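As structure tokens, the structure follows; a few thoughts come after it.
Each value in this text was obtained by applying a stated rule to the coordinates, not by laboratory testing. On a predicted model such as this, the values are computed, not experimentally measured, just so you know. Ideal geometry is used to build each Cβ from the backbone, glycine not excepted, and the neighbour counts take in all protein chains shown.
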Amino acid sequence: MLKDDIMYIDVSERITDLALIVYVKSLLYPSRIVNYDVLYSRIKELRKLGSIKFLHIRGNPVILGKGHSSIVVMVRKDGLDLALKIRRIDSNKPDFYEEVRYMKLANSINVGPKLYNYSSNFILMEYIRGISIGKFLRINQLDKNKVGRIIYQILLQGFQLDSINLIHLQLSNADKHIIIKEKKTFILDWGKATISSSRSNVSQLISFFFISKKPWTNMLLKIFEIKDIKGVLNAVRRYKKKRDKSTFIQLINVLNLDNYGAAGI
Ligand SMILES: Nc1ncnc2c1ncn2[C@@H]1O[C@H](COP(=O)(O)OP(=O)(O)O)[C@@H](O)[C@H]1O
Ligand SMILES: [Mg+2]
């Protein structure tokens, strides 16, 4: 992507033909038929969130990702690059309000991208310029300390979320939902989250990293010298029963991750 090719469309300005192309591709995704009523009502809704500029390259919005409920594009507001999550036209959810409620809860303990603004069909949030956890593990597999620090940080966030009963529910297959930016980890997408005192983010994350047969499972078991998988499963079981600090630390110890910060919690 050449920097010179990037242009901006300001939603607060008059709708030009080029702007229309960008809006149809983002605000009406994945529809190919233009429903002007829906389009204009979405533009009106978006204008209430302030002077947002869509980035585009020759009429194509800069897409950060797509999911079952949304398309996420890059926008600019007050000089900042932000991510705008747009509810898909074919989404089976009525609005984003529940997702925002959980995102706010996560933000209250400094987890996830920061929420900037929202409305029924939009979530404006911090843009995380980073790489997925799967890619991070592939690139850094020879750097045990770097991998250890990141996995510990993710498990700690899982524990902090467990402590407020906020369960993400998409972490047993988290590759699309954990992004690493420099040394920080971000858990994305609160669209399926729920409040539960019996389920656990930590146990879903342990399964994602160490139990299910993912491309990184064997590498992680090897570099952290985990030979006793039964011991790990027992520690997870004990943790799930109590979900407290002491069983979390025991779990971190069984995974040989105690060098990366467990003493500090
Ligand atoms: N704040 C963000 N910064 C960068 N990329 C993001 C951000 N939020 C979402 N994405 C990208 O968009 C994709 C879809 O977002 P997600 O919230 O998972 O939508 P859905 O609820 O439709 O599954 C993510 O997998 C990720 O690649
Ligand atoms: Mg998703």
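Quick notes on this structure:
- Counting Cα-Cα pairs of the range 91-200 in 5 Å increments starting at 0 gives whole-percent bin shares of 2, 11, 22, 23, 19, 13, 6, 2, 1, 0.
- Between helix 229-242 and the chain: long-axis angle, C-alpha atoms, 0 to 90°, nearest 10: 70
- Gain upon complete extension [Ile249, Ile226; 0.36 nm per residue less C-alpha separation]: 6.7 nm
- Per-peptide average of other Cβ atoms within 10 Å, ordering 17-29, 210-222, 33-45 highest first: 17-29, 210-222, 33-45
- Legend: translational diffusion of the range 131-264 by Stokes-Einstein, Rh = Kirkwood radius over C-alpha pairs, 4 °C, 1.567 mPa s; D = 88 µm²/s.
- Here the range 89-228 is assigned +1 on the Cβ of each Lys and Arg and -1 on the Cβ of each Asp and Glu. Its dipole about the Cα centre then comes out at about 500 debye.
- Rounded to two decimals, the Cα-based Rg/Rh of the range 3-126, with Kirkwood Rh, is 0.95.
- Between 0 and 90°, nearest 10: helix 245-254 axis offset from the chain longest Cα axis: 70
- Distance violations [Cα-Cα > 31 Å] among Lys85/Lys181; Lys184/Lys241; Lys214/Lys242; Lys77/Lys213: Lys77/Lys213
- Net length gained if the chain between Leu233 and Lys192 were fully extended (0.36 nm per residue, minus Cα distance): 12.2 nm
- Degrees separating the helix 97-108 axis from the principal Cα axis of the chain, which is the longest one: 50
- With the simple model of a label 7 Å out from the Cα in the direction of the Cβ, Glu182 to Asp81 spans 1.4 nm.
- Per residue, the convex hull spanned by the Cα atoms of the range 213-265 amounts to 83 cubic angstrom.
- The range 190-244 shape via C-alpha gyration tensor axes, a/c threshold 1.5: oblate
- For the chain, a crude dipole built from +1 on the beta carbon of Lys and Arg and -1 on the beta carbon of Asp and Glu, taken about the Cα centre, is about 680 debye to the nearest 20.
- When the Cα positions of Ile164, Ser212, Ser132 are compared along the charge dipole of the range 131-264, Ser212 comes out farthest toward the positive end, with charges on each C-beta of Lys, Arg, Asp and Glu.
- Estimated FRET transfer efficiency when R0 is 35 angstrom, pair Gln141-Arg58 (beta carbons, to 0.05): 0.35
- A crude spin-label estimate for the pair Leu20 and Lys104, with each label 7 Å from Cα along the Cβ direction, gives 3.8 nm.
- Residue with peak Gaussian network fluctuation, the chain [Cα springs, cutoff 10 Å], from Ser203, Ser132, Ser108: Ser108
- Equivalent ellipsoid, the chain (semi-axes from 5 times Cα gyration tensor eigenvalues, Å): 39, 19, 15
- Where trypsin sites (Lys or Arg not before Pro) fall in DSSP loop in the range 105-177, at most 15 other Cβ within 10 Å: Lys114, Arg129, Lys176
- Across the range 52-93, the volume of the C-alpha convex hull divided among the residues equals 75 Å³ per residue.
- Charge tally in the Cβ shell below 11 Å around Glu99, where Lys, Arg are +1 and Asp, Glu are -1, Glu99 excluded: +3
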